[in-house]
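The values are calculated or read from the model by the stated rules, or taken from the named source; none is laboratory data. Everything quoted here is computed from the prediction, not taken from an experiment. So basically every Cβ, Gly included, is an ideal-geometry build from the backbone, and we count neighbours across all protein chains shown. Surface accessibility is based on the protein's heavy atoms, side chains included, excluding ligands, DNA and RNA. Shrake-Rupley method; radii C 1.70, N 1.55, O 1.52, S 1.80 Å.
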Amino acid sequence: MVFAPNRREEAEAGIARAMKHAGADDFDHYLALVRRDETGLDGLVDALTVGETHFMRDPHQLELVRHEVFAALKRRGGAPARVWSAGCATGEEAYSLAILLEEEGLDEGAVVLGTDLSAASLEKARAGSYSDYSMRDVGRGFLQDYFFHAGGRRVLVDRIRSKVRFERLNLVGGDDYAAAGASAMDLILCRNVLVYFSPEKVGRIAARLHDSLAEGGVLLTAGADPILSEYAPFEVEVTRVGLVYRRPRLDASETAPPRLARAAPSPLSSPHEARRAQDREEPAPIVTLPSARPALEQEAFARVMRHANASGAEAAERIAQAALRRHPLDAPLHYLRASLLLSLDHEEEAEREAQRALYLDSSLAIAHFLLGTILRKRGARTEARRAFRNVRDLCAARPSDEDVPAGAGEKAGALHLAASAEMERLEATGD
């Protein structure tokens, strides 16, 4: 486990708690204890990690599991589903997956695996007994269907508890994932686990998680976790609820780009210039290529803009879609497609695409500005003000004469003034 400088105090406090619990008087004594005693190591890991978990946590991601991953398993038929909660803590996530499988009629013969390093957490998971705090995101019907009261606790019904198997597994060490049952998985949830490890360790784990998936299987992580595509040959999809990593099928053929629609002339600009041009009902100026981009992504960006300038926004938007299939983690390219969609009056889709860009790179000020423009147009004043404030703060941290990344030559000072003006406009007019 590694801790960034801004988490040093948090780590020291966790070590102090673990030492006190273990009755250790000094660091040397405690280090010797952790090295020889598995229980001591469990205590340290528990003290250093965030044990935040509850039933049906992150409901938007679980809806993706239900409507995309499990729906695909229904269409596939054949072998029973295999799902894995990696870093399951006290089991709420693994049991949530078992419940979803039952609700979708996929529980017959399904394998639901939960693994964790902490033996103490796994013991609690196997007991299936929880406080009301673990139920804070579920309703009364859920509790009635899947729990009964015993000794002031919520205890899982046996038909769910018996469907989940828990195993001790160290994702970082030399433990055999397959020996724990983690192989040919249709779905792996590994959320808020990889954030604790160095890039080298993350790369090793990512490769092993990839190999633990079945062909077409899906891995989901959390927003705070590092991006894994550079470590293993995943297919990556950017969604509103995060990144979806998929192990490619060996027989999958490359999807051809969609047929280009007949284009109408519509040059492309930065969102600042585009918004001003739209307000004046004038054509926006032609965009220039931002500097300091990786070669392949830069070429994709340039190709989209060539089509925008030569054939119009509609054709360019189609090309942007095709480029994003090859470069799904390129935040400026997502922003560029959002700009095109807005120029085509597809505001709802443009908003989603701008959000994808910001999920990948929250420092992309120009995408915050575009999102603020979209939100202002649909009357979401509070959210628009927040977006423009992000622009202002990001640009204030840059030299005023510096080019804004992906901003088509827009300077940080000019964008800062534009964002400030938008905030004043929202305050003064209620627009």
Subset of segment 130-155 [part of a strand (DSSP E or B), surrounded by 10 or more Cβ atoms within 10 Å (Cβ to Cβ) and over 29 Å from the mean Cα position of the chain (by Cα)]: F147, F148, R153, R154, V155
Every pair of residues 6+ apart whose Cβ atoms lie under 6 Å, when the first sits in segment 327-350 and is among the polar types (S, T, N, Q) while the second is surrounded by 17 or more Cβ atoms within 10 Å (Cβ to Cβ): S339/P271; S343/S266; S343/A313
Residue that is modelled with pLDDT under 80 and not basic (K, R), where the choices are E230, E215, E254, E235: E254
Which listed residue, of A24, A18, A79, is open to solvent by less than 20 Å² (accessible area, probe 1.4 Å), in a loop (DSSP other than H, G, I, E, B) and without any contact (Cβ under 8 Å) to a residue 40 or more places away in the chain: A24
Residue check for T373: crowded, with 20+ Cβ neighbours inside 10 Å, polar (S, T, N, Q) and more than 13 Å from H416 (Cα to Cα): yes
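Name the one entry in L48, L41 that is within 26 Å of D225 (Cβ to Cβ) and open to solvent by less than 50 Å² (accessible area, probe 1.4 Å).
On the way: L41 fails: open to solvent by less than 50 Å² (accessible area, probe 1.4 Å).
Step by step, each of L48, L41 is checked, and only L48 is within 26 Å of D225 (Cβ to Cβ) and open to solvent by less than 50 Å² (accessible area, probe 1.4 Å).
Table: residues versus (1) assigned to a loop (DSSP other than H, G, I, E, B); (2) among the aromatic types (F, W, Y); (3) in contact with a strand residue (DSSP E or B) (Cβ under 7 Å, 6 or more places away or on another chain).
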residue	(1), (2), (3)
V195	no, no, no
K201	no, no, no
I205	no, no, no
R208	no, no, no
G217	no, no, yes
G223	yes, no, yes
P226	yes, no, no
E230	yes, no, no
P233	yes, no, no
Yes/no for E347 being open to solvent by less than 40 Å² (accessible area, probe 1.4 Å) and of a type in the set (D, E): no
Boolean, V238 is open to solvent by less than 20 Å² (accessible area, probe 1.4 Å) and in a strand (DSSP E or B): yes
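In the set F166, F197, which member is more than 13 Å from M1 (Cα to Cα) and either touching a residue at least 60 places away in the same chain (Cβ under 8 Å) or crowded, with 17+ Cβ neighbours inside 10 Å (or both)? Step through it out loud before you land on a result.
Numbers: F197 fails: more than 13 Å from M1 (Cα to Cα).
None of the others qualify; the one that does is F166.
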Any chance S118 is more than 24 Å from H60 (Cβ to Cβ), at pLDDT below 95, buried (at least 16 other Cβ atoms within 10 Å of the Cβ) and of a type in the set (G, A, S): yes
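Could you tell me which of the residues R136, R76 is more than 30 Å from Y196 (Cα to Cα) and modelled with pLDDT under 95?
R76
Considering each residue of segment 164-193, count those that are in a loop (DSSP other than H, G, I, E, B) and either of a type in the set (F, W, Y) or more than 22 Å from E38 (Cβ to Cβ) (or both), and give that number.
Narrowing segment 164-193 to residues in a loop (DSSP other than H, G, I, E, B): 169-177, 181-184, 190-193.
Pick out the ones that are also either of a type in the set (F, W, Y) or more than 22 Å from E38 (Cβ to Cβ) (or both) and you get 177, 183-184, 190-192.
Summing the residues that are in a loop (DSSP other than H, G, I, E, B) and either of a type in the set (F, W, Y) or more than 22 Å from E38 (Cβ to Cβ) (or both) in segment 164-193 gives 6.
For (1) among the aliphatic types (A, V, I, L, M); (2) surrounded by 13 or more Cβ atoms within 10 Å (Cβ to Cβ), each residue gets a yes or a no:
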site: L62; (1), (2): yes, yes
site: F70; (1), (2): no, yes
site: A89; (1), (2): yes, yes
site: L106; (1), (2): yes, yes
site: G109; (1), (2): no, no
When residues of segment 200-235 are limited to those that are within 12 Å of the chain's Cα centre (by Cα) and of a type in the set (V, I, T), the one surrounded by the most Cβ atoms within 10 Å (Cβ to Cβ): T221
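Regarding segment 259-281, can at least one residue be identified that is part of a helix (DSSP H, G or I), modelled with pLDDT of 95 or more and under 26 Å from the mean Cα position of the chain (by Cα)? Talk me through it step by step, then tell me what you get.
Keep residues of segment 259-281 that are part of a helix (DSSP H, G or I), which gives 271-280.
Now restrict to residues that are modelled with pLDDT of 95 or more: none.
No; the residues of segment 259-281 include none that is part of a helix (DSSP H, G or I), modelled with pLDDT of 95 or more and under 26 Å from the mean Cα position of the chain (by Cα).
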R318 vs. criteria closer than 27 Å to V244 by Cβ, buried (at least 18 other Cβ atoms within 10 Å of the Cβ), among the basic types (K, R) and touching a residue at least 40 places away in the same chain (Cβ under 8 Å): yes
Output for segment 22-39, where each listed residue is touching a helix residue (DSSP H, G or I) at 6+ places or on another chain (Cβ under 6 Å) and of a type outside the set (S, T, Y): A22, A24, L33, V34
